[in-house]
Ligand code: SAH
């Protein structure tokens, strides 16, 4: 058994008033952005619509997550920093950019075909985001945590890749600079998610290995991280 099994059960992170405050902030900014509809370019509308859909897909999972009891919490300082950076660059800054005129000094303009690529990417992105949440079910968490009764999911979109949700987030992150066309509100998310990817993936896989042992090793041997494995190991 893992050495973590004896750890004391804990409350999940991001519960209580900080989570409510964060949601109030996001809803307020989203409402202000919608109010400035005349100043918003079509690619920015696509981003905004996808953002609302992703938030709605995630909301029920966030609600059930708060009822989890955590047995292994690996949210160390670097993890909390990259999570905060993602929250800032994927949610607060883009909404602030759309809701106010203050970041427009950092605008750039792309041709329509580039904006269209960003829009088209939303289709596989939203599908994968939806399916990965559905398949992961109660095992989803915003940070690195194992809950009581955690099960290893190896079916659905997890059958051939280990990180379908991060694959969906990669698509969203790469589309954001194409759609928003602003260095601060749009493009900053790319280095933020790259940092999260580099910092989180080894820790997440080590945590899963500590929890599920050989079963996870076997699963890792037949899957890829975001692209299916082409050759059997
Ligand atoms: N990396 C996955 C999951 C992201 S959510 C993806 O990109 O799809 C992060 C949480 O999911 C982690 O804290 C871990 O507890 C859990 N997790 C990751 N892979 C899992 C799996 N195959 N089965 C069950 N839980 C998993």
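The values are calculated or read from the model by the stated rules, or taken from the named source; none is laboratory data. Remember, predicted model here, so these are calculated numbers, not experimental data. FYI the Cβ positions are ideal-geometry reconstructions off the backbone, even for glycines, and counts take in every protein chain you see.
Looking at the structure I just gave you, is residue 135 touching a helix residue (DSSP H, G or I) at 6+ places or on another chain (Cβ under 9 Å), without any contact (Cβ under 8 Å) to a residue 12 or more places away in the chain and either within 10 Å of the ligand (Cβ to nearest atom) or not in a helix (DSSP H, G or I) (or both)?
No: the conditions fail for residue 135.
With the structure loaded, tell me whether residue 148 is away from the ligand (no atom under 11 Å from the Cβ) and free of Cβ contacts under 8 Å to residues at least 24 places away in the same chain or whether it fails that test.
In short, no.
Mind listing just one residue for me: the one in the range 160-218 that is within 18 Å of the chain's Cα centre (by Cα) and not in a helix (DSSP H, G or I) and, of those, farthest from residue 129 (Cα to Cα)?
Top of the filtered list is 188.
Inspect the range 76-98 for any residue being part of a loop (DSSP other than H, G, I, E, B), at pLDDT below 95 and over 30 Å from residue 123 (Cβ atoms) and give the result as yes or no.
Yes: one or more hits.
Just name the residue that is surrounded by the fewest Cβ atoms within 10 Å (Cβ to Cβ) out of those in the range 151-163 that are without any contact (Cβ under 8 Å) to a residue 24 or more places away in the chain and either closer than 25 Å to residue 80 by Cβ or within 8 Å of the ligand (Cβ to nearest atom) (or both).
Pass one, the range 151-163, residues without any contact (Cβ under 8 Å) to a residue 24 or more places away in the chain: 151, 153, 155.
After this cut, where a residue has to be either closer than 25 Å to residue 80 by Cβ or within 8 Å of the ligand (Cβ to nearest atom) (or both) as well, the list is 151, 153.
On the way: 151: 11, 153: 18.
Among those residues, the one meeting the criterion is 151.
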